[in-house]
Amino acid sequence: MFRSLFLVPALLLACLGGSAQAGQPQAPVAQANASASSEAGADLLIGGCGGVYFLAEPGELAVEVIKRDRNRRDAPTELRAILAGPDRRVLQEATIPDDGRPRGSGLGPPQQCRLSAHVKRKGVYVLNITLSQDRYGEHAVWGFRSNCPKYLIETARGHRDARHEEPIVLASPERAGDVCFLPRRGAFSVELSGLPKGADAPQMFDAKGAIIAALQVDGNGRASHEFVEKLHRDAVPWRLHFPSAQATINMDGVTRWDDDDFQRDMACWTPDPRSWFPWLENRWLLTPYSRTIYGQPGEQKEITLQVRNDSLRERTIQLGVEFPDGERPSASETHLARCVSLSGERVVVGARQAATVTVRCAVPEAGQPGVCHIRATPLDDSGFSTFSTLTVKTGDAPATKPLAMPIVLKPYQHENKQFGYLPDYPTESQVYFDLRNRPFIITSGGIATWRDGEWILLSGSKDVSAVCSKVAFDRDNNLYILATIAGAATLLHSADGGQTFAACALPSRGGQSRALDMEEFTGHNLPDGPPPILRYTRTAKDPKLFWRALHDLELFLPKKAGGRLVMGEPILITRQCIGLASHSGIPSSVVSRGSKVHIVWGEATDPKAPGPGVPAFVATYDRETERLGKSALVGHGAPPNDIHNSPSIAVDSQALLHVLAGTHGRPFPYARSLKPNDAGGGWTEPSVMGENLSQTYIGMVCGPDDTLHAAFRLWRTSVDPFPASHYATLAYQRKRPGQPWEPPRILIVPPFSEYSVFYHRLTMDRKGRLFLSYDYWSTFWFYRNDHFGRRRTLLMSPDGGDTWKLAQTKDLQ
């Protein structure tokens, strides 16, 4: 049963002076104090970004954050601190500005802010720390104080295009310090660098205080040690003690990981062994952390939560329902809208396994939203407990209506929290439509589609391992996907709507790295038979230019013959292809019309004379004559020798070809063929979609009226909501026939500055409606680690990009 929504009492905020920083309207914003703290010398300062998890008991939770700028460069560095509850409701936010001192002036004075909240129920609270224009946390150090005795730090920077490592950086040489951690079960090594000259040797202790090893320091301030597997692990956490807390620490299983490590990619530690609590095995004990649902008064609703056991033993988890005032509603509250129940009160979950629990409820009367908390507590001696929050509101969810764009994502408040978005369709990948305009979506379990009023998995596709998320259809409405069968790349073909599939393997090229692509519907292309397939096989990797590689690009033209598919031999297009970047945008690399097949690609160039960018070429293959035409250079996508710069091609109703050359943070060049259905008949001079646009990752389709629609990542700098930095948005742009490209429209604004990617995929149904699937991904490991699973969302526009809404199942029919 639900009570009416009660607002949490006002959060207690201790302002320390200084100027306020703009924050979220619903989250009180703390202020920063630029004056030095008399207790700053007692704080352990650390490098990198990340945050802290607090296992807080009822009462007041107070956290003071300290920052000191290193002043090694001219660019300012602001620290953003966010305090959120167990259900990830943002409770308070603060910004500590740059200290304004010149480059080379050394470590700046301590600045600080204080965040606090009244804890009504036990759970894991989160302090999130990011730095503007410094996603690796190299230009400032920070620390914190708190009255919460149980906490763990997670060092988590922005991503790098390399193996994930999170060195722990201690930056308080004037004091001793400890790093307490859970040691790897097997053998592991520790390497230390940057130790102060003349400092005593660091020592390793177990949780009982017994010394395990002393690490010998060389003359360069380095130390290392190998810890063998046979060393006992019955007294954890271990404690690495530094007489002088200045060091960079690299450790197997803690700051770098192998595939079999416990909780990979999570550099969790604490400077105080007394603060340790069992976080790693309970990290995603109950998810999602919150859900908001809408409905009509009295309507029955269900929501599924996941109970996850990340420990190495079977456990029983106790579940219960709590209400904002801590009491269950009285029996007199008989209205149906005030009922809530769980499918079970205890769940037994195996080691490293998950189970589901269903929460059933009824929608409250109009004007009376309901809130309850689902508590999860392991029945062991860990003392761990946390909760998720369910909010039920009356009426239609904002997600069902056209939205005022852009969607501005906020920390821990994405499409469900803001708009009640709860898709009942698969969201693992983008949606495609057959000739009858039925939706098809590739999932981990097979191909999903809508049949007889429900979503089903096509029986013939179950457990198929797709190597490409595209789904293609021919003129007979036969279905095609690319998959791996017994290690071989294979085209799967179904002539009965997915009930059965026939397989046709591609000729192998051994163990060489490769990527595959195939033609998909982009508006005015409809193959007479199986879709053309492109294979990109890497033949060389440039050791000096990270994004430069050479690929053989081959074309396959499978045919139907005697009731089966025949793949045929590959047709070599080029040996200079730069490769294919398709995780975002999923550009269209091949389109066909009649017997003509048009291929677009980018090429690697000589590093000594690279040219203005990656050259984009188009060539036409004629199935009837079995001849490949001469390639045409249609534009350059800057910068050169960058695999990000995959071009995209579409064909319009007049068979004219349209190409966008790929770029990496530069404007996309656009060109159109002068003759229909012929890449060799000349092209317009390339022109950019807009001056000074920082674009990457093309997705392009051509509408029924020949309007070109493009979706891409667009960078913005020094403007709201992150005026102190830069940030990436998901944007849309269109070109009506005979008109120039319209200015880009931003569709999604990220919750954090610095690097983002959206893994976006733009598709179109047979009616010309646009569907834009995206999965927001922040550079910051701390934010990504906290969320279990993916965030893929589906936007749609029914009117050619004029309006956008979050898609519902009825929009896919």
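What number goes with the only condition from (1) modelled with pLDDT of 95 or more; (2) surrounded by 15 or more Cβ atoms within 10 Å (Cβ to Cβ); (3) of a type in the set (A, V, I, L, M, F, W, C) that residue 262 does not pass?
Failing condition for residue 262: (1).
So which residues in the range 655-707 are charged (D, E, K, R), free of Cβ contacts under 8 Å to residues at least 60 places away in the same chain, farther than 15 Å from residue 742 by Cα and not in a strand (DSSP E or B), if there are any at all?
675, 685 - these are the residues of the range 655-707 that are charged (D, E, K, R), free of Cβ contacts under 8 Å to residues at least 60 places away in the same chain, farther than 15 Å from residue 742 by Cα and not in a strand (DSSP E or B).
Of the residues 800, 789, 768, only one is over 27 Å from residue 717 (Cα atoms) and within 21 Å of the chain's Cα centre (by Cα); which?
Numbers: 800 fails: within 21 Å of the chain's Cα centre (by Cα); 768 fails: within 21 Å of the chain's Cα centre (by Cα).
None of the others qualify; the one that does is 789.
Please find, within the range 283-312, the residue that is most open to solvent (accessible area, probe 1.4 Å) out of those that are charged (D, E, K, R) and farther than 20 Å from residue 55 by Cβ.
Selected residue: 302.
Any chance you could count how many residues in the range 187-199 are open to solvent by 20 Å² or more (accessible area, probe 1.4 Å), part of a strand (DSSP E or B) and small (Gly, Ala, Ser)?
Adding up the residues that qualify gives 1.
Note down all Cβ pairs under 6 Å where the first residue falls in the range 50-67 and is under 16 Å from residue 119 (Cβ atoms) and of a type in the set (Phe, Trp, Tyr), the second is in a strand (DSSP E or B) and open to solvent by 10 Å² or more (accessible area, probe 1.4 Å), and they're at least six residues apart or on different chains.
Hits for this filter: 54/125; 54/151.
Within the range 224-235, work out how many residues are under 37 Å from the mean Cα position of the chain (by Cα), open to solvent by 80 Å² or more (accessible area, probe 1.4 Å) and modelled with pLDDT under 95.
Matching residues across the range 224-235 total 2.
Assess whether residue 429 counts as being of a type in the set (Ser, Thr, Tyr), in contact with a strand residue (DSSP E or B) (Cβ under 7 Å, 6 or more places away or on another chain), surrounded by 22 or more Cβ atoms within 10 Å (Cβ to Cβ) and assigned to a loop (DSSP other than H, G, I, E, B).
So residue 429 fits the description; yes.
May I ask you to list pairs of residues, at least six apart or on different chains, whose Cβ atoms are under 7 Å apart, with the first in the range 451-466 being outside any helix (DSSP H, G or I) and the second being exposed (fewer than 13 other Cβ atoms within 10 Å of the Cβ)?
Final answer for the pair search is 458/499.
Condition check: under 32 Å from the mean Cα position of the chain (by Cα) and either assigned to a strand (DSSP E or B) or touching a residue at least 12 places away in the same chain (Cβ under 8 Å) (or both). Does residue 184 satisfy that?
yes
How many of the residues making up the range 528-570 are open to solvent by 40 Å² or more (accessible area, probe 1.4 Å), in contact (Cβ under 8 Å) with a residue 24 or more places away in the chain and not in a loop (DSSP other than H, G, I, E, B)?
The total comes to 6.
So, in the range 348-376, of the ones that are of a type in the set (Val, Ile, Thr) and open to solvent by less than 40 Å² (accessible area, probe 1.4 Å), which residue ends up nearest to residue 315 (Cα to Cα)? Lay out the reasoning, then the answer.
Going through the range 348-376, the residues of a type in the set (Val, Ile, Thr) turn out to be 348-349, 356-359, 363, 371, 374.
Right, trim to open to solvent by less than 40 Å² (accessible area, probe 1.4 Å) and you get 349, 357-359, 363, 371, 374.
On the way: 349: 6, 357: 15, 358: 19, 359: 21, 363: 33, 371: 28, 374: 18 Å.
It comes out as 349.
Restricting to the range 502-525, name every residue that is open to solvent by 20 Å² or more (accessible area, probe 1.4 Å), in contact with a Leu (Cβ under 8 Å, 6 or more places away or on another chain) and closer than 19 Å to residue 599 by Cα.
515, 516, listed by residue number.
Please specify each residue of the range 579-609 satisfying the condition of being crowded, with 19+ Cβ neighbours inside 10 Å and assigned to a loop (DSSP other than H, G, I, E, B).
The answer is 579, 580, 581, 582, 584, 586, 587, 588, 589, 604, 605.
Taking the criterion of being at pLDDT 95 or above, in a strand (DSSP E or B), surrounded by fewer than 18 Cβ atoms within 10 Å (Cβ to Cβ) and out of contact with any helix residue (DSSP H, G or I) (no Cβ under 9 Å at 6 or more places or on another chain), would at least one residue in the range 214-223 satisfy it?
The answer is yes, given that some residue of the range 214-223 is at pLDDT 95 or above, in a strand (DSSP E or B), surrounded by fewer than 18 Cβ atoms within 10 Å (Cβ to Cβ) and out of contact with any helix residue (DSSP H, G or I) (no Cβ under 9 Å at 6 or more places or on another chain).
Give the residue that is nearest to residue 142 (Cα to Cα), with candidates limited to residues of the range 54-106 that are open to solvent by 30 Å² or more (accessible area, probe 1.4 Å) and not in a loop (DSSP other than H, G, I, E, B).
Selected residue: 68.
Across the range 470-488, what is the number of residues that are open to solvent by less than 10 Å² (accessible area, probe 1.4 Å) and of a type outside the set (Lys, Arg)? Talk me through it step by step, then tell me what you get.
Taking the range 470-488 first, the residues open to solvent by less than 10 Å² (accessible area, probe 1.4 Å) are 470-472, 474, 479-483.
Add one more test, that the residue is of a type outside the set (Lys, Arg), and what stays is 471-472, 474, 479-483.
The number of residues fulfilling the criteria is 8.
Within the set of pairs 6 or more residues apart or between chains, which connect a residue that is assigned to a loop (DSSP other than H, G, I, E, B) inside the range 350-366 to a residue that is crowded, with 21+ Cβ neighbours inside 10 Å and among the small types (Gly, Ala, Ser) with Cβ atoms less than 6 Å apart?
Listed by first residue and then by second, the contacts come to 363/337; 364/337; 364/370; 365/337.
Considering only the range 235-253, state which residues are assigned to a loop (DSSP other than H, G, I, E, B) and in contact with an Asp or Glu (Cβ under 8 Å, 6 or more places away or on another chain).
If the condition is that a residue be assigned to a loop (DSSP other than H, G, I, E, B) and in contact with an Asp or Glu (Cβ under 8 Å, 6 or more places away or on another chain), then 235, 236, 243, 244, 253 are the ones that fit.
Output the residues belonging to the range 479-520 that are under 28 Å from the mean Cα position of the chain (by Cα) and of a type in the set (Val, Ile, Thr).
Selection gives 481, 484.
Quick one: in the range 313-329, of everything that is at pLDDT below 85 and open to solvent by 50 Å² or more (accessible area, probe 1.4 Å), which residue is nearest to residue 286 (Cα to Cα)?
326
Every residue in the range 760-778 that is farther than 30 Å from residue 129 by Cβ, touching a Phe, Trp or Tyr at 6+ places or on another chain (Cβ under 7 Å) and among the aromatic types (Phe, Trp, Tyr), please.
If the condition is that a residue be farther than 30 Å from residue 129 by Cβ, touching a Phe, Trp or Tyr at 6+ places or on another chain (Cβ under 7 Å) and among the aromatic types (Phe, Trp, Tyr), then no residue fits.
Check residue 179 against each of (1) in a loop (DSSP other than H, G, I, E, B); (2) under 33 Å from the mean Cα position of the chain (by Cα); (3) within 11 Å of residue 240 (Cα to Cα) and name the one condition it does not meet.
Status for residue 179: all satisfied but (1).
Any idea which residue in the range 433-450 is farthest from residue 484 (Cα to Cα), counting only those that are within 22 Å of the chain's Cα centre (by Cα) and part of a strand (DSSP E or B)?
Out of the qualifying residues, it is 441.
Within the range 401-417, can one find any residue that is assigned to a loop (DSSP other than H, G, I, E, B) and without any contact (Cβ under 8 Å) to a residue 60 or more places away in the chain?
Yes: one or more hits.
The values are calculated or read from the model by the stated rules, or taken from the named source; none is laboratory data. Quantities reported herein were computed from a predicted structural model and do not represent experimental measurements. Cβ sites come from the backbone with ideal geometry, for glycine too, and all protein chains shown count toward neighbours. Note: areas computed on protein heavy atoms with side chains; ligands, DNA, RNA excluded. Shrake-Rupley method; radii C 1.70, N 1.55, O 1.52, S 1.80 Å.
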